[in-house]
Amino acid sequence: MGASAVISPDGKITGVDIDGFVRRLLLFDRYVLVSVRLQEFPFFIDHLGFEGVRELLSENLLEIRCECLQLAQVGQSGMFGDQRLPPYHYKFNWVDAHDRGKYINDCLGCLNSRPGLGRVEIEALRESILKAIRPLSRDIMSRAYPDFVADLMRPRLSEASVKMAAARRIGLIDLPTRLDAHQLSEDTFRIDNDIAAFARITTGEAHRIVEAGLMGIAGLSQTIQEMGVFNALSGFREEEIHLFQEKLSFLAGLASTGKIESDFQRVIEIKNLPNFSSELVGVKIDQLLKVRDSSEAREFRDWLRGSEDLTEKEINDQVAGLRARAGLRTTGNGGKAIRFLLTTIAGVNPVLGLVSGALDTFVYDRFLPRSGIAAFVNELYPSLFEQTLRSKNDDLRIINRS
């Protein structure tokens with residue numbers, strides 16, 4: 001699966017890579033042409049002739065992907081009546097043709113301007129091309145977008161893509177920058193970075209470099225999903241290979257259970273939590289099953305898979321910082337202090353006894369919502385040891401009394 005169009009710097013189709021096209025027909029059982037609005041076919045006719053193109057299509061050796069569907073960055077466009085976002089803020093939405101049939105028909109209009117083709121030949125070629133076009137299921141949006149978001153939030157992959165964009169746009173190789181991605185909503189992100197200061201360029205240009213890097217990740221996520229839809233390998237341009245290798249490296253790491261377990265052990269050691277050992281026996285299986293099926297455990301597992309690039313301080317902040325811990329159950333003196341702090345921030349005087357029940361819950365959710373990650377580390381995982389540690393302490397007290 002790949003493209004054969006030759007595109008000029010200003011975005012015009014100037015020809016086809018006929019050498020690469022022929023090689024793919026020789027080397028693979030089937031070639032899925034990623035077409036640019038079907039603009040390649042007048043050039044295919046130049047190289048192969050009208051009858052040659054018709055015969056090639058009739059042999060079912062060629063399938064055509066002709067789609068408008070793609071993920072777009074619309075944060076500064078004002079589309080859909082949305083407010084224009086400031087620099088380094090990015091909002092993503094799928095764009096597609098309003099009428100797919102009309103879109104394909106408009107694309108086929110390129111055949112009308114081909115000299116030497118009569119009306120009958122044009123209609124015959126249109127019919128052959130239409131039969132070879134394989135529609136792309138719109139279900140791909142629900143599969144590609146979560147993958148894109150996960151990759152965007154992984155510093156190693158997003159930084160690699162932005163570095164590639166910087167090399168293309170301003171010729172800056174190996175940009176030593178670190179991106180800090182913040183997901184503000186389901187479709188909106190803020191990317192903190194130091195590109196403008198380091199490269200001595202405007203904020204606008206730095207914004208566009210980051211945008212190009214993020215769109216590179218979006219394209220990669222969609223391409224990988226389409227490889228599954230078409231059951232085909234995808235050809236990547238030379239500059240895309242590095243990004244694809246980064247993606248494969250990450251997937252290989254996920255495939256290793258040892259990698260996930262070592263990341264978990266790192267969190268355990270940072271938090272100084274106990275490990276299961278021969279001295280700590282008697283795990284209650286019902287509590288273990290309850291913990292593993294909790295929403296907090298699922299949130300922790302998702303977070304853990306992206307924790308490789310986090311520093312020890314960043315992990316501490318996310319599982320043990322004030323903001324993380326304040327969302328936990330507030331009991332005892334510490335809980336009362338947090339309760340007083342939050343209600344004071346909310347402008348409610350807890351001394352007057354005005355905060356209770358639903359209002360209390362609202363205050364917590366509004367100012368410091370519960371963190372499933374912190375809850376798993378600070379509450380659920382330690383609960384697996386509570387019975388064992390309690391029994392061990394009781395045994396020690398019995399020995400001391402005797």
Principal axis box of region 34-143, alpha-carbon based, largest edge first, Å: 54, 29, 23
Cα-based convex hull, region 84-203, per residue volume (Å³, whole number): 189 Å³
Computed P(r) (all Cα pairs; region 112-177; 5 Å bins; percent): 3, 13, 12, 9, 9, 8, 8, 11, 12, 10, 4, 1
Peptide ranges 1-14, 125-138 listed from the most packed, as the mean C-beta count within 10 angstrom indicates: 125-138, 1-14
Distance violations [Cα-Cα > 32 Å] among 247/290; 91/271; 247/271; 102/163; 91/131; 131/163: 247/290; 91/271; 102/163; 91/131; 131/163
Kirkwood Rh and Cα Rg combined as Rg over Rh, evaluated for region 42-105: 1.25
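Any read-out appearing in this document is the output of simple, stated calculations on the displayed coordinates, not a laboratory observation. Owing to the predicted nature of the structure, the values given are computational and were not obtained by experimental measurement. With ideal geometry, Cβ positions are generated from the backbone for all residues, glycine too; neighbour counts draw on all protein chains shown.
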